[in-house]
Amino acid sequence: MQRRQFLSRSALAGASLIGTGQAHATLRQPSAAILWNRVMLQAVMNTVMPVTHAARALAMVHEAIYNAWAHYDLRAAFTQKNLSKRLILEWNDINRRVAIGHAAHGVLVELFPTQTPLFEVLLQTQIADAWLSVGGWNAGNVGRQSAYRVIESRNNDGANQRGDLAPGAYSDWTGYAPVNTPDLITDISRWQPLRLPNAAGQLVVQRFLTPHWGRVRPFALASGSVYRPALSPAAPTQAEMLEVIEFSASLDDRAKALCDFWAANPGSVTPPGMWLQMAETVSALDGNSLADDVKLLFTTAQAGLDASIAAWDAKRTFDQVRPATAIPYFFRGQAIRAWAGPGQGVRQILGEHWVPWQRPVNRTPPFPDFVSGHSCFSAACATAMAAVRGSDLARLAVTVKAGSFRTDPGLPLADISFQWNSLSEAADAAGQSRRMCGIHWSRSDLGGRSLGKRVGQTVAAKAAALFRGSY
């Protein structure tokens with residue numbers, strides 16, 4: 001059985017994700033949808049786009065791509081009004097590629113203006129033969145119109161991209177204020193912003209990333225709160241805290257490799273972007289056509305958007321404390337066995353010195369714990385992907401390269417490999433990794449998985465109705 005790598009190392013630093021299966025026996029040229037997906041994810045990395053912003057951006061680009069493609073499909077319904085099918089004599093591969101190119105380019109330039117030269121290079125390769133096709137130049141108008149409709153529809157979606165609800169792009173307009181400060185805890189059940197070093201080594205107080213995000217308009221959900229889970233008690237339980245400490249005490253290179261692969265910290269493609277990369281791998285396994293890729297990537301991206309909205313609704317509602325605050329607070333003065341810091345390994349430390357297995361600059365995310373974003377994103381995207389392709393089964397393999405850890409430089413000493421036999425198994429591993437490295441409590445992981453599955457099912461149902469033309 002042959003294996004082929006489908007994710008670039010620039011996207012997943014120090015790791016490679018591959019799919020194993022019969023489809024890999026033949027090398028394939030990536031479709032236009034995948035090429036634009038890759039350049040979009042590169043822009044996310046280049047601009048260090050935050051995860052919630054990225055989830056929305058990815059969904060917008062793939063919505064525009066889908067609508068452009070739908071102009072040349074008999075059944076597919078548009079997501080936006082005032083779009084109409086092209087004449088059947090224009091339904092050819094060149095026109096689809098040209099329309100997709102202009103649609104993706106239009107949204108990308110809007111969202112990533114500093115990356116325009118990157119997009120121009122791909123666009124020129126995608127439209128060079130437009131003149132050879134009947135309706136080729138019209139296809140450019142199709143793509144631009146598709147982009148415009150998506151951008152227009154998202155102008156007032158609650159994300160505050162333009163700063164018209166409150167000053168500053170994507171700024172909070174709901175008046176959130178933390179009850180705790182970096183120096184004073186008044187309610188240990190609630191999130192505490194920490195004072196952490198930034199990339200320049202300066203200490204900066206965390207600010208809740210987009211606390212208003214639960215009010216952004218979803219793609220398929222009735223609202224961000226429609227599936228809101230319960231959380232009782234609000235504070236972490238003793239069992240949850242002891243589990244996190246035990247995970248820390250048991251950290252070996254294999255556990256760290258799983259955490260490092262799924263981390264998707266700022267500067268990466270972000271968790272929803274990782275699942276779009278996973279979709280690329282699944283595309284290769286399945287031998288997808290352009291139509292298959294458009295549908296798969298569209299559904300996965302919309303699942304990522306709605307997962308971000310549902311997860312952030314819960315984070316804002318419950319405002320739950322993270323392990324980085326609670327364990328040092330409750331175990332102060334107690335000797336515990338745990339990871340002691342980069343290069344220190346596992347040893348006995350005082351509870352107040354406990355930290356997650358993360359670099360100081362990314363010690364713990366700048367938002368509350370419940371629910372886990374990684375768990376929600378992963379379950380939603382895996383569920384949606386399984387629905388659109390008709391199967392959860394997919395043999396996926398990951399190799400984390402020797403010496404690639406960002407938290408413990410120089411480790412692991414040898415390559416470490418993982419294999420999952422389904423999308424849902426990979427999604428569960430993503431959620432579990434966040435408990436193992438000390439980022440989340442068990443209820444945040446499991447609650448996120450449950451929430452994400454419901455999100456994925458709802459997104460997949462709407463996407464399927466669009467594909468059938470019955471929405």
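The values are calculated or read from the model by the stated rules, or taken from the named source; none is laboratory data. Everything numeric here is computed off the predicted structure, so don't read it as measured data. Cβ placement follows ideal geometry from the backbone for every residue including glycine, while neighbour counts extend to all protein chains displayed. Each accessible area value is taken on the protein alone, full model and side chains, heavy atoms only, with ligands, DNA and RNA left out. Shrake-Rupley method; radii C 1.70, N 1.55, O 1.52, S 1.80 Å.
Close amide H partners of Arg395, meaning residues 5 or more places away or on another chain with modelled amide H under 5 Å apart, are Thr20.
Compute the distance from the alpha-carbon center of the range 55-99 to that of the range 300-369, in whole Å. Computed from Cα coordinates, the inter-centre distance equals 42 Å.
For the pair Ala166 and Ile188, label points projected 7 Å from Cα toward Cβ lie 3.0 nm apart. Candidates Val109, Trp69, Gln124 compared by Cα position along the dipole of the range 37-124: farthest toward the positive end lies Trp69, with charges placed on Cβ. Taking a Cβ cut-off of under 13 Å around Arg86, the surrounding Lys, Arg, Asp and Glu residues balance to a net charge of 0, with basic ones at +1 and acidic ones at -1. The spacing between the range 130-144 and the range 160-233, judged by their C-alpha centroids, is 44 Å.
Applying the Karplus relation 6.51 cos²θ - 1.76 cosθ + 1.60 with θ = phi - 60° to the range 355-362 yields 3J(HN,Hα) values of 9, x, 7, 8, 5, x, 5, 10 Hz, where x marks Gly and Pro.
Cβ distances below 4.7 Å define possible disulfide partners, and in the chain the cysteines left without one are Cys376, Cys381. Accessible surface of the chain, 1.4 Å probe: 53 percent of it comes from carbon and sulfur atoms.
How high is the relative contact order of the chain, in percent, counting Cα pairs under 8 Å that sit 6 or more residues apart? Computed over the chain, the figure is 20 percent. Backbone amide hydrogens, once placed in the peptide plane, bring Ser372 within less than 5 Å of Asp445, Gly448, excluding anything fewer than 5 places away on its chain. Amide H to amide H, with H built 1.01 Å from N, His212 comes under 5 Å of Trp173, counting only residues 5 or more places away or on other chains.
Rounded to the nearest 10 degrees, the angle from helix 373-389 to the longest Cα principal axis of the chain is 30 degrees. Once the 1.4 Å probe is applied to the protein heavy atoms, the range 59-154 comes out at 43 Å² accessible per residue. Expressed as a fraction of 2.2 N^0.38 Å, the value expected for a compact globular protein of N residues, the C-alpha radius of gyration of the range 33-164 is 1.03. What the phi angles of the range 61-75 give under the Karplus curve with 6.51, -1.76 and 1.60, with θ = phi - 60°, is a coupling list of 4, 6, 5, 5, 4, 4, 5, 4, 5, 5, 4, 10, 10, 5, 9 Hz, glycine and proline written as x.
Under a point-charge model restricted to the Cβ atoms of Lys and Arg (+1) and Asp and Glu (-1), what is the dipole moment magnitude of the chain relative to its Cα centre, in debye to the nearest 20? It would help to have the intermediate numbers written out before the result.
On the way: 45 positive and 34 negative charges, 61 e Å.
Once rounded to the nearest 20, the dipole reads 300 debye.
For the range 112-119, backbone phi angles converted through the Karplus equation (6.51, -1.76, 1.60; θ = phi - 60°) give residue-by-residue couplings of 10, x, 6, 9, 3, x, 4, 6 Hz, Gly and Pro being listed as x.
Could you tell me whether the range 261-415 comes out rounded, prolate or oblate from its Cα gyration tensor? Rule is a ≥ b ≥ c as square roots of the eigenvalues, rounded for a/c under 1.5, then prolate if a/b exceeds b/c, otherwise oblate.
oblate
Each Cα pair under 8 Å and six or more residues apart adds its sequence gap; the mean of these over the residue count of the range 231-326 is a relative contact order of 43 percent. Estimated translational diffusion coefficient (Stokes-Einstein, Kirkwood radius over Cα pairs, 4 °C, 1.567 mPa s) of the chain: 57 µm² per second. Remark on the range 44-118: ratio of C-alpha radius of gyration to 2.2 N^0.38 Å is 1.24.
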